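A.B. asks: Shown below is the structure under consideration.
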Amino acid sequence: MIGLRSLRLLALAFVAVLATYSGVWMYYIHAQESANARGFEHEFKPSDLAAVVTAVRPGGVATHAGLREGDRILAIDGQPLDSYDRLLDAFGRTPPGRSLSLQVAGPAGARTIIFPVTRNRDNAQTPPGGESPSSRVLATVLTGYPLIFLAVASAVLLQRPGDRDAWVMALAFGGLIASAPLLPIEAQMPSPLRRFMVPVWVFLISTMPAALYDFFAVFPAASAVDRRVPWLKRVLGGAAVAAGTITAGICFAFGDSEGLWWMAEHVSTVTAAWILRSYSISCVLLAFASLITNAFGDPGTRRKTRVILAGAVLGFGPIMTLQVLLALRGTRQPEEIVPFWVWALAAMAISLVPLSVAYAVVKHRVMELPVLLRRSARYLLVRRGAVTVAVLLGVVVTFIFAGVLSRLFTDVGEGAQRADDQAGALFGGVLATAGPRLWRPAQERIDRAFFRGAYDARRILERLARDSHAATDRDALASGIETALEAALQPEALYVYLRAQDASPRLVAAGADADALAGVPLPLSSPGLVELTKRGHPLVITPHDLGPGGTFEVCAALRPELLVPMLGRSGDLEGLLVLAMRLSEEPYSSEDRALVGAAAAQAGLTLENIRLAEAMARQLDAGRRRARELEIAKAVQAKLLPQAAPILTTLDYAGRCIQARSIGGDYFDFISVGEGRFAFVLADISGKGISAALLMASLQASLRAQYTVAPADVRAVLCTVNRVFYGSTATNHYATLFFGVYDETTRVLQYANCGHLPPILRRSTGRLDRLQPTATVIGLFDEWDCRTAETTLAPGDTLVVFSDGASEAVNAADEEFGEERLAAIVDGQSQAGAAALLDAIVAAVTRHGGTQQYDDLTLIVAQGR
């Protein structure tokens, strides 16, 4: 399956080849008048290395030179005719005024003929009084014959490289370009150019009949012929492409049309001609049969087909009639049976074919002929009238001005005449540039006077784009958009979709049809909406887009013809306008799309503002609720911390917890566990915020429960707490914990350090000890055990248990407070009392960390007395 990017490159290459072919043909056909005259027709025989003269034009240069029908040209200027290229170069590239020496063998015997090289214009039979101006204009226009085909084929193919119909149409139009004669001007081209032009011509002319049938068999809908024999277009197309490719390859190998002469020698000429004629006629008849059956088929297809049928009849009819007359008269020269202007107009009429299908191919919908003419007239007379008039006026002034100057200076040289032409062209260019500015003020008056409906629609849409920013309510904005668009464009149906307020990735209906379309949401992730968001501008939808597997299949139930995205500043899709076909059956013009797009752009910004305001209001409301909930949680957590502590005779102690957030995971507790026994605990739960606070509450509840069950067995208490904590939390949650039981009678402290920072114990002698871990953290392992250790708290001894919020507090330079500073404060103020020492530590840590606290700060200070 070829990707879209590859198809675009392929389309670009095809258009480049077609444009190059057209440009070369127009250049050489325009220069044909000044090309070398030949005055005879021939057939080349590659096997004999000779050119056989098949016809000699009476009164031409060949007749005067003595060339006769049946003569065989064997050599030119003493050089054998070893290739067709030599014959073409001799008659096409030899400068005028020279003569060619032809060695000829024929009914009159072998002889040498001196063939004078002259220009075509020197041998043309000009009517008395010279060539008429109308003939000159027609001849000039005729040389631009490929332009309309090239323009339509290029525009459609480059716009829709993934559309099969676009490729078939481009191939058909390329064949119509190639139907203009190439072989008569082949001799004028240099050899490398022949190698390009002839194979392209052969391929295009070979595939054109099949491409025409293929295109009209399925566009704008499958015809009765195609429904009966759907395989026929593939068979004809495949055979045509294969034959065209082989023939083009042979011509490329030979480098010119000698390949055709070589094939003529190896294939029965009569059989080949019969096959080609039957193939061409059959394809043309099938194409017309497809158009006719669609034109008289069901109403929907009928309306879409008749304009194409009219264009095909008016386009092909004159030239086909002329071809029949030429066949009946047995001649190839149309000038022999009709005046020049008749066959020129017949050739120009083919341009009606691309004109009649251009709009249909781009939109995949065809209007009735009167509507098309009305839209075209308005386009030419009003929207582009000023530019057209200015350009035409400039062209006329150019010719008049240059003609007047040339008559005034009839005796001057060619350089002065060229300057006259340039002066006229400059004056005409100035008028063409200034014309639109001079006519622009009049365009609005013309619109208002003669096209009031379009004028009013434009005003409505402009006002909608201007006023959309003032809307403060989604429903009011949707209602205003509906009212304005229905009044301006009068679609059969109009739907407004807005981004869902519940933050789900979808669009929901708004406005008058919201209830009816509640079951037709549009997911933002659908390929169509993703593509539309990327494009960011109104997009005309085709039936193919809405079909099964189509890009916009999700919108099929809405029958859209125009989708208009409403984007916010960030490029997100805030809403969507879905417009069905207009009641007038006119398409949405580029002006309509531009105005609706401008209104949608403003509405998109407004919708984004409204959505952000709604989100902010919801966030503020949620924030207020969350703040209230946090206040309650903070109060509850504060209640979990010790509210009163037992008074001990031999121990002075104090504790404090300062949370980094409203609530946190640090925890300390004091509790009496029996006569003369006192327990204290400090724990640090992994994580922060609500989750850590909930785990802290769970841990505290578990510890308090175990105090009453086994108050004398620290190890048993902690093993049970670990098992409960492990079973009720995720595997990534744990707690470090210091648990100590102080016996006031013996002054012995039995403790367990479960992965916590070693507390600092300053002896009255000044020695600093650290109470190292005796077990790993709580809640991380199912199989867990711990041991306990003992120490004494003699009079004057100071114990400081701290969380990492103290030791790891950092300042602006990212420097930690550190345990050394903490130990220095303990050592320096050991006689200050437990509460005073705790205040000093908190003050020092706060000064070090500044206003920003990154972690919970929890401390217990105990001093023997």
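A.B. asks: Specify which of the listed residues (G39, G60, G70) is surrounded by fewer than 19 Cβ atoms within 10 Å (Cβ to Cβ), at pLDDT below 85 and touching a strand residue (DSSP E or B) at 6+ places or on another chain (Cβ under 9 Å).
C.D. replies: G60
A.B. asks: Right, something else. Going through segment 156-209 one residue at a time, which ones are more than 26 Å from L236 (Cβ to Cβ) and open to solvent by less than 50 Å² (accessible area, probe 1.4 Å)?
C.D. replies: Matches in segment 156-209: I185, E186, A187, Q188, M189, P190, S191, L193, R194.
A.B. asks: R593 versus (1) surrounded by 15 or more Cβ atoms within 10 Å (Cβ to Cβ); (2) at pLDDT below 75: which is the lone unmet condition?
C.D. replies: (2)
A.B. asks: Among residues belonging to segment 197-231 that are in a loop (DSSP other than H, G, I, E, B) and among the aromatic types (F, W, Y), point out the one that is farthest from the chain's Cα centre (by Cα).
C.D. replies: W231
A.B. asks: Looking only at segment 246-256, count how many residues are closer than 20 Å to E186 by Cα, assigned to a helix (DSSP H, G or I) and not aromatic (F, W, Y).
C.D. replies: Here the count works out to 6.
A.B. asks: Out of the residues in segment 789-813 that are part of a loop (DSSP other than H, G, I, E, B) and open to solvent by less than 50 Å² (accessible area, probe 1.4 Å), state the one that is farthest from L768 (Cα to Cα).
C.D. replies: N811
A.B. asks: Mind listing whichever residues of segment 186-203 are aliphatic (A, V, I, L, M) and without any contact (Cβ under 8 Å) to a residue 60 or more places away in the chain?
C.D. replies: Answer for segment 186-203, where residues must be aliphatic (A, V, I, L, M) and without any contact (Cβ under 8 Å) to a residue 60 or more places away in the chain: just V202.
A.B. asks: Select from segment 660-699 the residues that are modelled with pLDDT under 80, part of a loop (DSSP other than H, G, I, E, B) and farther than 30 Å from T745 by Cβ and list them in ascending order.
C.D. replies: Residues satisfying the conditions are A660, R661, S662, I663, G664, G665, G687, K688.
A.B. asks: Checking the conditions here, which among D855, D839 is modelled with pLDDT of 90 or more, surrounded by 15 or more Cβ atoms within 10 Å (Cβ to Cβ) and more than 12 Å from F802 (Cα to Cα)?
C.D. replies: D839
A.B. asks: Do you know which of the residues in segment 541-570 that are in a loop (DSSP other than H, G, I, E, B) and open to solvent by less than 30 Å² (accessible area, probe 1.4 Å) is nearest to S526 (Cα to Cα)?
C.D. replies: The residue in question is F552.
A.B. asks: Here's another thing I want to ask about it. Look through segment 572-590, keep the residues that are small (G, A, S) and farther than 25 Å from A476 by Cβ, and return whichever of them is surrounded by the fewest Cβ atoms within 10 Å (Cβ to Cβ).
C.D. replies: Checking each candidate, the answer is S590.
A.B. asks: For segment 160-191, which residues satisfy the criterion of being under 14 Å from E258 (Cα atoms) and not hydroxyl-bearing (S, T, Y)?
C.D. replies: Within segment 160-191, L182, L183, P184, E186, A187 meet the criteria.
A.B. asks: Restricting attention to segment 573-594, and to residues there that are in a loop (DSSP other than H, G, I, E, B) and either over 23 Å from G511 (Cβ atoms) or of a type in the set (G, A, S) (or both), which single residue is farthest from the chain's Cα centre (by Cα)?
C.D. replies: S584
The values are calculated or read from the model by the stated rules, or taken from the named source; none is laboratory data. On a predicted model such as this, the values are computed, not experimentally measured, just so you know. Here Cβ is always computed from backbone atoms with ideal geometry, including for glycine, and neighbour counts include all displayed protein chains. When the accessible area is computed, the model is the full protein with side chains, heavy atoms only, and any ligands, DNA or RNA have been set aside. Shrake-Rupley method; radii C 1.70, N 1.55, O 1.52, S 1.80 Å.
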